[in-house]
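Only one structure is covered here, and it is reproduced in the block below.
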Amino acid sequence: MTSIISSQAQYTDLVFKEIRLDHVEVVSTEFHDCVFFHSSFVESVFRSCKFIACTFRECDLSLAKVPGSRFTSSRFEGCKVMGVNWSEADWPKSGLANPIGFLECAISHSTFIGLSLRDIKISGCLAVDVDFRESDLSQADFGGTDLEQSLFGNTDLSAADLSRARNYHIDPSQNIVRQAKFSLPEAMSLLHSMDIVLVDEVRTALSVGVYSCVPFCQWSPNEYPDCAHKTMAWHPPGDGPGARSGANCLRRA
């Protein structure tokens, strides 16, 4: 469907396909259960509009403005939504869960300062230089999202899932990270803000060979009846000199 969206109108259960509304302003319009597909709204202004259970697919909303607009159970899939100040939108005081979600979108240089977005899903996204300070992102899902240079400060990340996120820099002393999920090696970045020194002694040991602590003999007394089976020592693995084998049974009865 190709259509011009008007101000002070209401659209329900419609599909807007391949429309271009760049650099326009739409005021006080409501969208209920609508789908926007492969459409462009670059630098457009949605003022005091309502998007209820709407889906944007492969759309470009870069630098769009949303002052006073409300989003309820709406999501963006494969969209460019860069440079948007979401803090200007009208968000419920109660912190409604899942007001919006982003799947495989580019949302870089956007702002979510001070918003309550519990359970928000930002999955598989490029989120470079995004401002999440002062926000409630508890139980959020950042799976597969690149958070390079994004800002977290006094942010509630309790029970959030960052186990598959990457390039984030989060100071645990300045944010709430209780029960949040992280994974190595990215989780090492959590230590950067701490005044500590990490000494990698294991790497030094590995530089001269891999060793494991095992009994001199791991075999049954039936094979080596004279082995005490009590002495522990360091032995290199494999079949080379000093490897774990019956020949290493140095302590005998």
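Observations
- Cα-based shape type of the stretch 48-161, given that a ≥ b ≥ c are square roots of the gyration tensor eigenvalues and the cut on a/c is 1.5: rounded
- Net charge of neighbours whose Cβ lies under 13 Å from the Cβ of Ser108, counting Lys and Arg as +1 and Asp and Glu as -1: -3
- Sorted by Cβ density within 10 Å, fewest first, the residues His23, His169, His109: His23, His169, His109
- Annotation for Asp171 and Ser73: the two label points, set 7 Å from Cα along the Cα-Cβ direction, are 4.0 nm apart.
- For Ser7, distant residues with modelled amide H under 5 Å away: Val27
- Under 15 Å, Cβ to Cβ, from Ser48 - net charge with Lys/Arg +1 and Asp/Glu -1: 0
- Relative exposure of Tyr11, Tyr168, judged by other C-beta atoms within 10 Å (fewest first): Tyr11, Tyr168
- Extension gain, Ser6 back to Ser28 (0.36 nm per residue minus Cα-Cα distance, nm): 7.0 nm
- Förster-model FRET efficiency, 41 Å R0, Arg164 and Lys17, C-beta, rounded to 0.05: 0.80
- Trypsin sites (Lys or Arg not before Pro) lying in DSSP loop within the stretch 79-166, provided at most 10 other Cβ fall within 10 Å: Lys93
Bear in mind these aren't lab numbers, they're just calculated from the coordinates by the rules spelled out. None of these values were measured; they are calculated from a predicted model. All Cβ positions, glycine included, derive from the backbone under ideal geometry; neighbour counts span all protein chains shown.
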